[in-house]
Structures are given as C-alpha cells and as structure tokens.
Amino acid sequence: MNIRIRLGITSLLLMSALGLPAQHKWTLDECIDYAMEHNIDILQRDLNITKQQVSLESAKNQRLPDLSLQLGEQVSFGNYNLATGYVEDEIKDENRDLSYTTARLAITMPIFSGFKVKNSVKADEFALQSATANLDNARKDMKINVAVYYLECLYYKSMADVAYAQVGVSKKLLERATALVEEGKRPRSEQAEAESQLSNDEYLLTDAKGQATLALLSLRQLLNLETDGDFDVAEMDNDGNTVLPLSPEIVYNGVSETYPSIIEAKSMIEASRSQVQVARSGLYPSVMFQGYIGAFFPAFFGKEIRGDMADFSFFRNLMNEVVGLHVVIPLIYKKTRSNIRSANLDVRYREMMLDDARQNLRKDIETAYYNANVAKDKYEAAEKSVIASRITVGYEEERYDAGRSNIFDLQQAQQKLLQAQQNAVRAKYEYLVRKRILDFYME
C-alpha cells in the first residue's frame, strides 16, 4: 500500500479515536454569507442606507414647528427701558442705569414654502431607494467575485491532484524502466529519461500546490477572514443542469427592469427631478407663522424697588405675547434660476447614467451567456479528449511491455494524457464559473 495512503488512514483513525473533528471545509454559500457580513464595502453601503434614512426623517421634520427658549441678561446706561423706551416717572432717579433679564418662548412654523418640503421629502425617498439598490448591486457583484475566487481555489487544488497523480505514474514508470534496464532489456538512457521526467513532474506538483495555497489566501483576504493556514474549501460538483437560456435577450428582458443597477439609476432620476422642484420653490412666496411670549425684569442700580413694583403684577405687566405671519416675496431670481438650471442638467446626467447602466447590463449578460456556452462546449470536448488519451496510454503501455515501443513514446502519450486532464480541469471550473455568473444575473 502507498505510504501516503497509509499515513492518511492512520491520521483518520487517530482523529476518530481521540474524538477530534476533521477540518471544516467552507462551502460556496458559507463564503458568500460571510463576505456579506464582513466585507468593508458592503458594510459602508449599508451604513449609507442608514444615513439616507436619517436624511429622509430630517426632511419630513421640516413640516413641524420649531420651539425655542431664549434667555438674556443686558445692562442699559441712561434713561432707557426695554419695553417702553423710557423710564416711568415713579421709578425715575438720578441714577438711571439698570440691568434687565429677558426670557422668550418662541415658536416658528412654515405654512407655505413653494412645495419645497414636499419635494425635498420625495427626493430623499428616491435617494433612499437608490442607496438600497446600490447595496443590492454590490451584493450581486460580491457573489460573483466570491464564486470566481472560490472556483479558482478548486481549480488549482484539482490541478495539484492531477500533478500528484502524474508523479505516481512517473514513479511507476521509473520503477518499470529500472527493472528492464537491470534485466538488460532496455538501455540506461531510458532510466535516465524516466528519472528526468519524474523530477519535472515533482516540480510541477510543487508549483501546483503553491498556486493552490495562493488561491486560498486570495479568497480568505476577499472574505476578510481572520484564520490560520487551515482554511480550505469544499468540492463543488456540477449540478447536472446543462440547459442554458435560449438567448441573452431572454435573460436581459427578464431582469432589465428589476436589476439593482437599473433600479438605482431610475431612483436617482426621480430624485433629481424632485430636486428641480425644490429649486423652483425659490420662485414662489413663502409664508411662515411666528409667535412668542416674553418678559423682562429690570434691576436699577443704586435703587431699591418698592414692594408693589416687585410683586407678580408688576412682572406680569412687563410680559408680552406676539403672533403673526411673515410673507417673503422673492424679487430677484438670479440664484434660483441658476439652481433650477443646475438641477435640470443633473436630470439629464442621470438619464444618461440610466442608459449607460442598461447598456452595461446588456453587455455583461451577453458576455456571461456566450462565455457559458463556449465553456460548456470546451468542457464536453475536454472530457472526450481525456477518454481518448487514456486509451492511447493503454495501447502504449502494452506496446512498451511487449518491447515494440520505447519509453519516449510512452512518456509522450502520458504527457498528452496529463495535458488533456489539465485541460479538462480548467474547462470544468471555467464552465462552473461562467454558469454560476449567468445564474447570478438571472436571480
């Protein structure tokens, strides 16, 4: 029994005896879920949604009144009173300097602002829809990226398996060539050629293992996963469904109006149109209700206030209540017209962004569709090539054992089989990647 196999069986038996769990291998769905929760770009876009929600709430709150309490302490030098403009006869004194404490409770509420508040709320609602669609689009892109990196890991691991199997074949060939040389049936050069081929195959195996390690590292970094070198991925076979859509147009028509990038672009157009109306509100008069209740209490320097002056009635006489409407009528529109023009230009820009998003989506779907079709054909052809190469190697081994062929012909046949196996591995995972990407567009 091969020593590697014996060691593997021994390790499994020891883990079973000690109750140790085998290494967990991450599935594609687990990698995607982890990336959604820990990728910085995804988290930032999710935070942007919260910011847009706060902005929308602030826009809605513009309809509510503002209530404020104003307190002040002032000093007046001379014959002056805050309420009347002069000092009453009964409190006149040679020293007319005084200080007074003021307090005012004021309320302000917009009545009409040219529909500015209404359109600001609409703009923020569409901006929130755009931010949500932006997050969904980023998640779709992340799914595609994780799938590509994941299948790249499986590809390099499979290439390492192929290289490992080839090393085993080369070792057997070296053993066979050595035996034949010792029996005097083959020249020494064939043994040297077999040794050279084994060394080359071992180099290829080392390189394949290194590529597999780097691929796992790249996936782990994409996930922002903090773990040691035991990170590994689980094998993913083809689901058996090789039926692809009839045309990319069918795929595009099915998702064109619901795809996140399209929804994002549409929402930004509507938000920009609402901003046009916000800018136009500067052309209309605005009406605002204002009211307040206030009071002040004087303190005269160098003079005692009599009891009747310090009682509540005196303080009440110094209170006043004011209510009113304020109308602001714009007369010059320079800044307002510039804002309207800028907002209209932004609408045109967003409309072009929508056209660009639709074109990019169509291009991406067409590329994914035809890549999947080409990869499917390559995969099927590669599997046929492996079967044919195995048959050829079998014939060459029979001819070599019978003495009708030399080691060079057998090695050439084995190298063709190795190349066919590598092509099959490459084609398999290329097909799985292309098909998975197409599936993501159709979700």
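The values are calculated or read from the model by the stated rules, or taken from the named source; none is laboratory data. What you are looking at is a predicted structure, and each value in this text was computed from that prediction instead of being measured. Cβ coordinates were reconstructed from backbone atoms using ideal geometry, including for glycine residues, and neighbour counts include every protein chain displayed. Ligands, DNA and RNA are stripped out before the accessible areas are found, and what is left, the full protein with its side chains, is counted by its heavy atoms. Shrake-Rupley method; radii C 1.70, N 1.55, O 1.52, S 1.80 Å.
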Check on ASN119, within 30 Å of HIS326 (Cα to Cα), surrounded by 14 or more Cβ atoms within 10 Å (Cβ to Cβ) and modelled with pLDDT under 55: no
Residue tally, condition within 18 Å of GLN166 (Cβ to Cβ) and surrounded by 13 or more Cβ atoms within 10 Å (Cβ to Cβ), over region 389-399: 6
Per-region count, region 141-193, residues in contact with a strand residue (DSSP E or B) (Cβ under 7 Å, 6 or more places away or on another chain) and either of a type in the set (A, V, I, L, M) or at positive phi (or both): 1
Odd one out for MET352, checked against (1) over 30 Å from ASN253 (Cβ atoms); (2) of a type in the set (A, V, I, L, M); (3) open to solvent by 80 Å² or more (accessible area, probe 1.4 Å): (1)
Lone unmet requirement of (1) touching a Lys or Arg at 6+ places or on another chain (Cβ under 7 Å); (2) under 30 Å from ARG399 (Cβ atoms) for TYR155: (2)
Conditions (1) open to solvent by 50 Å² or more (accessible area, probe 1.4 Å); (2) within 30 Å of GLU264 (Cα to Cα); number of the one not met by GLY184: (2)
Conditions (1) at pLDDT 80 or above; (2) open to solvent by 50 Å² or more (accessible area, probe 1.4 Å): number failed by ALA372: (2)
Residue within region 428-441 that is under 24 Å from ASP207 (Cα atoms) and without any contact (Cβ under 8 Å) to a residue 40 or more places away in the chain present: no
Yes/no for LEU223 being at pLDDT below 85 and of a type in the set (A, V, I, L, M, F, W, C): no
Near pairs, Cβ below 9 angstrom, 6+ apart or cross-chain, from region 161-182 (closer than 14 Å to ASP207 by Cα and assigned to a helix (DSSP H, G or I)) to any residue that is open to solvent by 90 Å² or more (accessible area, probe 1.4 Å) and of a type in the set (Lys, Arg): ALA163/LYS209; TYR164/ARG4; TYR164/LYS209
Residues satisfying the stated conditions in region 150-168, i.e. among the aromatic types (Phe, Trp, Tyr) and under 18 Å from SER199 (Cβ atoms): TYR164
Helices (runs of 4 or more DSSP H) enclosed by region 1-109 - at least 3 residues per element that are modelled with pLDDT of 50 or more and small (Gly, Ala, Ser): 40-61
Qualifying positions in region 323-369 - among the β-branched types (Val, Ile, Thr), in contact (Cβ under 8 Å) with a residue 60 or more places away in the chain and in contact with a Ser or Thr (Cβ under 7 Å, 6 or more places away or on another chain): VAL347
Residue in region 375-384 that is in a helix (DSSP H, G or I), open to solvent by less than 20 Å² (accessible area, probe 1.4 Å) and not small (Gly, Ala, Ser) present: no
